[in-house]
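J.: The structure is given below, and queries will be raised subsequently.
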Amino acid sequence: MAQGRSLLQLITDRASKRGLYDTPGYWDMKAESYRGLARSNWPSNTYNAEVHRRQMATLDALLGDVRGLSVADVGCGTGRASLHLAERGAKVTGWDFSAKALEAAAQEASRRGLDVEFRVGDVRRPPTASDLEHFDVVLVLGCLTLACSTQAELEVAVRHVRSLLKPGGRLLVIEPLHSARLTARLLRMGVAPFVRVVERTGLTLIRRRVMFFVPMRYALAFRDLPERWVGRAFTLGERALEALGWPEPLGDYKALLFRAPRER
Ligand SMILES: C[S@@+](CC[C@H](N)C(=O)[O-])C[C@H]1O[C@@H](n2cnc3c(N)ncnc32)[C@H](O)[C@@H]1O
């Protein structure tokens, strides 16, 4: 076992995930009882380190130069993406409904000498008027599939996220989108219906990527295994996905980049 929760607790958490993963109390508990990236992510920090490295490389590849851009990181948790983007020169605001996760994020920002604003906010509630159409980029990384259980809830959250974007702005969603019960978080939805929900708000999908071979999540995410095993397993997993033609259900996270029209 890594730290924080026992294996039995992790299994019970997963069995009763609705009413748990979608509450701030669960994420506050994680922020307080785990260390490092596990405070907002998987129990194993060796798994988290690989996920982080690869996801941040994907952010860089899909967003390009973010210097001077205003970025909203919705469901920022302990702020790993907010801090990464701030280090690259973006003006970042991170939101989350877990006050404890935000405390940890703010501490890390101050330790690294980064100026990032962290605010308590719930993606299921409308943003304040001053945040509307304020951001060049909105990032949602692993939040919507936890905050929403149904298509109706997703539609509301996506409208809120979309309303933050300036005309011509970009929305980057990186989520473990799955339609199967075993692999889905709270939202059980494949990529095509998810893209339809987002495109109905007037955004257009411009790029997409599938990341991580999903069986690896079960093998590696819950126990700290030696770094070299985890690194090798990720590389093998990526090769397996490529060889299989990146089939959707076998890839874990889906990175989807959308653009808003330049005219209102
Ligand atoms: C898996 S963590 C990901 C955190 C961060 N984006 C990252 O990748 O490290 C999911 C985050 O979504 C937040 N979250 C879940 N539901 C939310 C909601 N309704 N409003 C705001 N944040 C929410 C949780 O508090 C948690 O910090």
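J.: So how do 250-261, 181-192 stack up, highest first, on mean other-Cβ count within 10 Å? If you can, show how the numbers build up before the last one.
T.: Values: 250-261: 19.9, 181-192: 16.1.
The densest-packed peptide leads the list: 250-261, 181-192.
J.: Ok, one more. Per DSSP H run of n ≥ 4, the term is -39500 (n - 2.57); total these for the chain, divide by its residue number, and report the mean residue ellipticity at 222 nm rounded to 500 deg cm²/dmol.
T.: Working: 10 runs with 108 residues, N = 264.
One gets -12500 deg cm²/dmol as the mean residue ellipticity at 222 nm.
J.: Give me the percent of Cα-Cα pairs in region 113-264 that sit more than 24 Å apart, rounded to a whole number.
T.: Working: 4609 of 11476 pairs.
When every Cα pair of region 113-264 is considered, 40 percent fall beyond 24 Å.
J.: Take the chain, drop everything but the C-alpha atoms, weight them equally and run the Debye formula without solvent; then report log10 I(q)/I(0) at 0.13, 0.16 Å⁻¹ to two decimals.
T.: -0.82, -1.33
J.: Sorted from fewest to most neighbouring beta carbons within 10 Å, what does the list I206, I174 look like? Mind dumping the intermediate values first?
T.: On the way: I206 11, I174 23.
With the sparsest Cβ surroundings first, the list reads I206, I174.
J.: If you don't mind, there's one more thing I want to ask. Could you work out how far apart the two model spin labels at R262 and Y26 are, taking each label as a point 7 Å from the Cα in the direction of the beta carbon, and quote it in nm?
T.: In this crude label model, R262 to Y26 measures out at 4.3 nm.
J.: Give me the Kirkwood hydrodynamic radius of region 180-264, using the inverse of the mean 1/r over all pairs of distinct Cα atoms, in Å to one decimal. Working shown, then result.
T.: Values: mean 1/r = 0.0679 Å⁻¹.
Taking the inverse mean of 1/r over all distinct Cα pairs, region 180-264 comes out at 14.7 Å.
J.: Could you check the spin-label model distance between R18 and R124? Points 7 Å from the Cα along Cα→Cβ, value in nm.
T.: About 1.2 nm, to one decimal.
J.: Charges only on Cβ, +1 for Lys and Arg, -1 for Asp and Glu: so what's the dipole of the chain about the Cα centre, in debye to the nearest 20?
T.: 420 debye
J.: In addition: Hey, rough spin-label estimate for L7 and R54, points 7 angstrom out along Cα→Cβ, what's it come to in nanometres?
T.: Placing both labels 7 Å beyond Cα along the Cβ direction yields 2.4 nm.
J.: Going through region 162-264, which GluC sites (Glu not before Pro) have at most 14 other Cβ atoms within 10 Å and a DSSP loop state? Intermediate results must be reported in sequence, preceding the final value.
T.: On the way: sites: E199, E227, E238, E242, E263; in loops: E263.
Here the GluC sites (Glu not before Pro) that fit, given the DSSP loop and packing criteria, are E263.
J.: Among V197, V66, G142, pick out the residue whose Cα is farthest towards the positive end of the charge dipole of the chain, where Lys and Arg carry +1 and Asp and Glu carry -1 on C-beta, about the Cα centre.
T.: V197
Coordinate-derived values only; no laboratory data. In this text the structure is predicted, and so the values were computed from the model without any measurement. Here the Cβ is made from the backbone with ideal geometry for all residues, glycine too, and neighbour counts use every protein chain on show.
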